[in-house]
Amino acid sequence: MGVSRDSEESHRKFIEKKELKIKLLSDEKAEIHEKYDVLHPKYFRGKDVISAVRTTFLIDLKEKL
């Protein structure tokens, strides 16, 4: 399963284009990103921005890391 701040519509198009078999969740409000502490500052295209750092988590059935 993947999570990003992109919209559900963006995910639908990406899944169709790449013929993905995994689920992508939309987190436009960044609630999941904040919970897992993956938003960090970086310098991008001449600006300081807050961006998600690609991270992998293994989570058990009780949602424990």
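With runs of 4+ DSSP H residues as the only contributors, calculate the mean residue ellipticity of the chain at 222 nm using -39,500 (n - 2.57) per run, divided by the residue total and rounded to the nearest 500.
-6500 deg cm²/dmol, from helical runs alone.
In this model, which of 21/62; 17/62; 13/42; 21/47 are farther than 30 Å apart at the alpha-carbon?
Correct reply: 17/62; 21/47.
For the stretch 5-55, what % of the accessible area comes from carbon and sulfur atoms, probe 1.4 Å?
Here it works out to 50 percent.
Restricting attention to the chain, which GluC sites (Glu not before Pro) occupy a DSSP loop and are surrounded by at most 16 other Cβ atoms within 10 Å?
19, 28, 63
Among 37, 48, 27, which one shows the biggest mean-square fluctuation in a GNM of the chain, springs joining Cα atoms closer than 10 Å?
Between 37, 48, 27, it is 48 that shows the largest mean-square fluctuation.
Counting only Cα, what are the radius of gyration and maximum Cα-Cα distance Dmax of the chain, in Å?
Rg then Dmax for the chain, in Å: 13.6, 42.
The values are calculated or read from the model by the stated rules, or taken from the named source; none is laboratory data. Everything numeric here is computed off the predicted structure, so don't read it as measured data. Note: ideal-geometry Cβ built from the backbone for every residue, glycine included; neighbour counts use all protein chains shown. Calculation scope for accessible area: heavy atoms of the full protein, side chains included, ligands and nucleic acids excluded. Shrake-Rupley method; radii C 1.70, N 1.55, O 1.52, S 1.80 Å.
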